[in-house]
1. For R420, project a label point 7 Å along Cα to C-beta. Then give me every residue of the range 430-447 with its amide nitrogen under 16 Å of that point.
2. Need the C-alpha centroid separation for the range 282-352 versus the range 197-239, integer Å.
3. With only alpha-carbon pairs counted, each pair once and no self-pairs, how large is the Kirkwood hydrodynamic radius of the range 30-111 in angstroms?
4. Applying the Karplus parametrisation 6.51 cos²θ - 1.76 cosθ + 1.60 with θ = phi - 60° to the phi angles of the range 285-299, what ³J(HN,Hα) value in whole Hz is obtained for each residue in order, glycine and proline being reported as x?
5. How large is the dipole of the chain about the Cα centre if only Lys and Arg carry +1 and Asp and Glu carry -1, each at its Cβ, rounded to the nearest 20 debye?
6. Determine, for each peptide in 235-247, 143-155, 259-271, the mean count of other beta carbons within 10 angstrom over its residues, then list the peptides with the highest first.
7. What 222 nm value per residue comes from the helices of the chain, counting each DSSP H run with n ≥ 4 as -39,500 (n - 2.57) and dividing by all residues, nearest 500 deg cm²/dmol?
8. Compute the semi-axes of the equivalent ellipsoid of the chain, taking the square root of 5 times each eigenvalue of the Cα gyration tensor, and list them largest first in whole Å.
Amino acid sequence: MQQIKDQQLVKNFSYINGSWHSSASNIEVTNPATGEIIAKVSNAGIEETQLAVQAAKNAFKAWSAKSANERAKLMRNWFDLMMAHQDDLGRILTLEQGKPLAEAKGEIAYGAAFLEWFSEEAKRVYGDTIPAPSQDKRIVVIKQPIGVVAAITPWNFPNAMIARKAAAALAAGCTFVVRPATQTPLSALAMAELAERAGIPAGVFNVVVGDDARGIGEVLTQHPDIAKFTFTGSTAVGKSLISQCATTVKKVSMELGGNAPFIVFDDADIDAAVAGAMVSKYRNAGQTCVCTNRIFVQSGVLAKFTEKFVTAVKALQVGNGVDEGVTIGPMISASAVADVAKLVDDSIAAGAKVVLGGKQGQGENFYQPTILTDVTNTMPIAFNEIFGPVSPIIAFDNEDEVLAMANATEFGLAAYFYARDIGRIWRVAEGLEYGMVGINEGLISNAAAPFGGVKQSGNGREGSKYGLDDYLEIKYLCMGGLDK
Ligand code: NAP
């Protein structure tokens, strides 16, 4: 952590009600590239979580009463500070999460973009007037912040998954309590330090770091003072958190797992398809929810695509994300490597062929960038989220066949396809049962676009003009007795 220029960004305590809280025990934060312990962070629990909820409740009245312009100004300060410290924030992120520095700095810009976007959207929370059924009435709709928001976020985007939620919540006038993933608390705490410097009032943005996921999760999903719960993580955990939220009927939004198909049709620009597959598959070592999970290639271009794709994947530089030239880092943990190795080994046993990689890499947290061919859509690798740097290639013959295979999953987050025929583009785009579709494009996330899934990939949308809806309540005002 000595590499960080502004050492005040390296925090070891939860941030509650505008102050830093120490606890009796510590969590060790490890660099996944080296196994080195890079920080010890106070391990908060249920009591601290309750304090944070109380602080957010107390802060709500004044924060929600601020004008949209006042909130926007403070959020804009926060955005400016994130961008001014992009290098330090990126380094902290790489050290605790593993992704290459350039990608980590990209995540900081991506996360900060939500603060900028929603600081502007805060001013556009429009209401409505509706023609009334009788002359003596008027119907008016206003939108109001929902209240205290609680969030639980994963380790794969330690900055952006928090920023994407907090920016919309704060812009709407809500206050916020987040519990970041145990493996990556430092990015969240650095964000809190900058929120404070930006002038975000005490209690509006709180970060509780603690390894009691279940206990803290129970408070955040069941506390009566929390109006909305938002989660990014696996579908399995998301399902149980939804049921916990039922006890107090919270508004819920879920960004869960994916199983993205990436389809290459015969008429595709193959070089563009290879470039798209590279970014959608190998970014963050394959550990993103929108990562390509299954590559479907039409028989006429199978050999050509596979050859070019193998060449591109071979050129990846695996290593420690802080080192110059590294384009793919470690996975988050040895157990994540073991899960990926099992999916690959099971596929080989079922008839898949390894054309590249297929083994653990240079350290216990590394797995070689891998390509498998002769995969079928019924192998476990095709219906599980791989969450690692492995590309299974599945051949297909026609459009109907590939659409049926692409949709044969309980997930529905992102899908990608490459084609040129305009009729096919519309048919396939409309036929894919996914919340987001990249058409001749492998990188689809940005603050202006609505991010989210269908089926068991979740509900609600983050970013875009739709992103505020999850943090607002609609109130209908009926004015009567207007006759003379
Ligand atoms: P995970 O196991 O579900 O963990 C996510 C978060 O939930 C972590 O903070 C974790 O805490 C916490 N958690 C785990 N069990 C809990 C419980 N019983 N109660 C309360 N909190 C609990 O997911 P992951 O493996 O870390 O993350 C990868 C998953 O996230 C993938 O499925 C990926 O697709 C999904 N994801 C989705 C999106 C999206 O926008 N749709 C974006 C990114 C990731 P600990 O850190 O202490 O375990």
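1. 440-441
2. If you average the Cα positions of each part, the centres end up 32 Å apart.
3. Value: 15.6 Å, from the Cα pair sum.
4. 6, x, 9, 10, 5, 9, 5, 4, 10, 9, 9, 9, 10, 5, 3
5. Here the size comes out at about 1300 debye.
6. Per-residue Cβ counts within 10 Å, averaged per peptide and sorted highest first, yield 143-155, 259-271, 235-247.
7. The helix-only estimate for the chain comes to -12000 deg cm²/dmol at 222 nm.
8. 38, 30, 19
Values in this text are rule-based calculations from the coordinates and carry no lab data. These numbers come from a predicted model, not from an experiment. For neighbour counting, all protein chains shown are included, and Cβ atoms are generated from backbone atoms with ideal geometry for every residue, glycine included.
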